[in-house]
1. What relative contact order, as a whole-number percentage, does the chain give when Cα pairs under 8 Å and 6 or more residues apart are counted?
2. Can you report the principal axis dimensions of segment 289-368 using only the alpha carbons, biggest first, rounded to whole angstrom?
3. Step by step: find N for segment 288-427, compute 2.2 N^0.38 Å, then divide the Cα radius of gyration by it. What's the final number?
4. Antiparallel DSSP bridges in the chain: what percent, to the nearest 5?
5. Pop out the carbon and sulfur fraction of the accessible area of the chain as a percent, whole number, probe 1.4 Å.
6. Could you name the lysines whose alpha carbon sits less than 25 Å from that of Lys303, not counting residues in the same chain fewer than 8 places away?
7. Roughly how many Å² of Arg145 are accessible to a 1.4 Å probe, to the nearest 10?
8. Lys/Arg Cβ at +1, Asp/Glu Cβ at -1, dipole of the chain taken about the Cα centre: which of Ser64, Gly366, Pro43 is farthest positive-ward?
Amino acid sequence: MGRAFVYVILGGGVAAGYAALEFTRRGVSEGELCIISEEPVAPYERPALSKGFLLPESPARLPSFHTCVGENDEKLTPKWYKEHGIELVLGTRVKSVDVRRKTLLSSTGETISYKFLIIATGARALKLEEFGVEGSDAENVCYLRDLSDANRLATAIQSSANGNAVVIGGGYIGMECAASLVINKINVTMVFPEAHCMARLFTPKIASLYEDYYRAKGVEFIKGTVLTSFEFDSNKKVTAVNLKDGNHLPADVVVVGIGIRPNTSLFEGQLTIEKGGIKVNSKMQSSDSSVYAIGDVATFPVKLFGEMRRLEHVDSARKSARHAVSAIMEPEKTGEFDYLPFFYSRVFAFSWQFYGDPVGEVVHFGEFEEGKTFGAYWIKKGHLVGSFLEGGSQEEYETISKATRLKPAVTDVEELGRVGLEYAETV
Ligand code: FAD
C-alpha cells in the first residue's frame, strides 16, 4: 500500500522550502505535493546553524529561521504547509528510489509514487573516519550539517566555558564556528592543511586580514598539518587531539568542518552523475525526464562560465529550486537557468559577499583594515570574472554583482586596483 502524489520533493532542506513556496505561488491543489525528509522539522535556513544558533545571548531557535525568512518572504512553518495542503512527511528517511517505476520506499516501509520527483537531498559532512582517524563519534566531537548537529555543538559549548576548542578545517564552517566559540569565551586553535584560511576563495592578502583579527581575539592557527588521532578519558570523551606535525592539543570540544559529500547514493546507476552531483540540464532536469535535482546535490550548467558546476551555497539552492518548479509547471515559459554564483559569510563584525569565479589574476582594492570596505577582482583572459567585497552596503553588493555578471573587458589592471569599487559602478 502506498500514496501517490503529482509532485514529490525528496529532502527537506533549504532548496525544498523554496521549491514549496514556488509551487504554491504557481498553484498546487491540496494533496498534490509531498515533501519527505529525514529531519524531524520543517525546512529551515541552514546557514543560521553556524551563526545565530550558536550565540550565547538569545540564540536563534526554530521557528524563527524556517525558510523562507532569508528572502523576506513568508516563513514556512508546519502550519503553513498544512494550510497550503502540502503533505510534510518528516523524520522519515527514503531507503530506495525506483526511477523507472517512479516510486520511493521510505524507512517506515511506505511506497510513495510520483509523477515528478525533485531531488533535494543536499549533502552530508565528511567524517574523519573517511581519512583514517577513528573516534569522531565521541560526544564532544561535533560536525555541523543539521539541527541535531547544532544542538550537540550548543550543548558541548555550554559545558566547555573557558575551556579549549580545536577546530579542524579552515573553510567557512571552521571560520564561522571558531568565531562563535570565541564569542562563547572558549579558547580556540584552528588546524588545517592549507597555507591560509578559506583557501578555495581567499587570496593570501584577504586571508591574512581575517587571520590577524582572529589572532587578536586569541585564536591560534596551526597550518600545514592534519589531525591524526584523538585521546579519550574513561567516559570515551575526547580530551586531546594529536596532529601529524607532532603537536598535542588539549580539547574540551572539537569541531570538524572538512567538507561535504552530496547525497547521490539513491540514484547511482539510475541517473547520470557528474562532478559528484546529479547531472541536470538548464531546466534542472536530470537524465530521467520526470526527475529534477536542485541545491547542493545538483551539477548544472553555469552558462556564464560555459561549464558544469555543483555549488554548495544557499543562494544557488534557493534559485535552482524556483527554477526547477517553474520548469515543471510552465515548461514553455521557462528559459535556461542563468545563474551567477554567489556566496557570503559573516563572522564577528565582518560580512563579505563573493560573486562569480575566483580564478585568474587578482587585483585588490580598498583599505585592508577591520571596519573598512575592501575587496578584490579576479580577471581571466582579459575579463572580470569574480568580485569579493567586505563591509559593503546593499547597493554596493548589487553593483559588484551586476558588473561581474556582465564579464566586462579589463584593459588596465593597475587602474582597476586604483579605482576599486568605483570601477563596478562604471560598468
Ligand atoms: P540541505 O539544506 O542540506 O537539505 C537536504 C535535506 O535532505 C536534509 O533535510 C536531509 O535530511 C534530507 N535528506 C537527505 N537524504 C535523505 C533521504 N535519503 N531521505 C530523506 N531525506 C533526506 N551557504 C552560503 O551561501 N552562505 C552561508 O553562510 C552558509 N552557511 C552555512 C552554515 C552551515 C552550518 C551549513 C551546514 C551550510 C551553510 N551554507 C551556507 C550552505 C547552505 O546551507 C547549503 O548550500 C544549502 O543548505 C543547500 O540546500 P539543499 O536543500 O540542497 O540541502
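1. Values: 916 pairs, mean separation 56.2, N = 427.
Result for the chain is 13 percent.
2. Ordered largest first, segment 289-368 gives principal extents of 50, 29, 21 Å.
3. Details: Rg = 16.6 Å, N = 140, 2.2 N^0.38 = 14.4 Å.
Working it through for segment 288-427, the quotient is 1.16.
4. Numbers: 51 of 86 bridges.
Around 60 percent antiparallel, to the nearest 5.
5. Working: 8860 of 18640 Å².
Accessible surface attributable to carbon and sulfur in the chain totals 48 percent.
6. Lys275, Lys279, Lys283, Lys319, Lys333, Lys380, Lys381, Lys402, Lys407
7. That residue has around 50 Å² of solvent-accessible surface.
8. Sorting the options by dipole projection puts first Pro43.
The values are calculated or read from the model by the stated rules, or taken from the named source; none is laboratory data. What you see is a predicted model; the values in this text were computed from it and never measured. Methodologically, a virtual Cβ is constructed for each residue, glycine included, from the backbone with ideal geometry; neighbour enumeration extends over all protein chains shown. Accessible surface areas use protein heavy atoms only, side chains included; no ligands, DNA or RNA. Shrake-Rupley method; radii C 1.70, N 1.55, O 1.52, S 1.80 Å.
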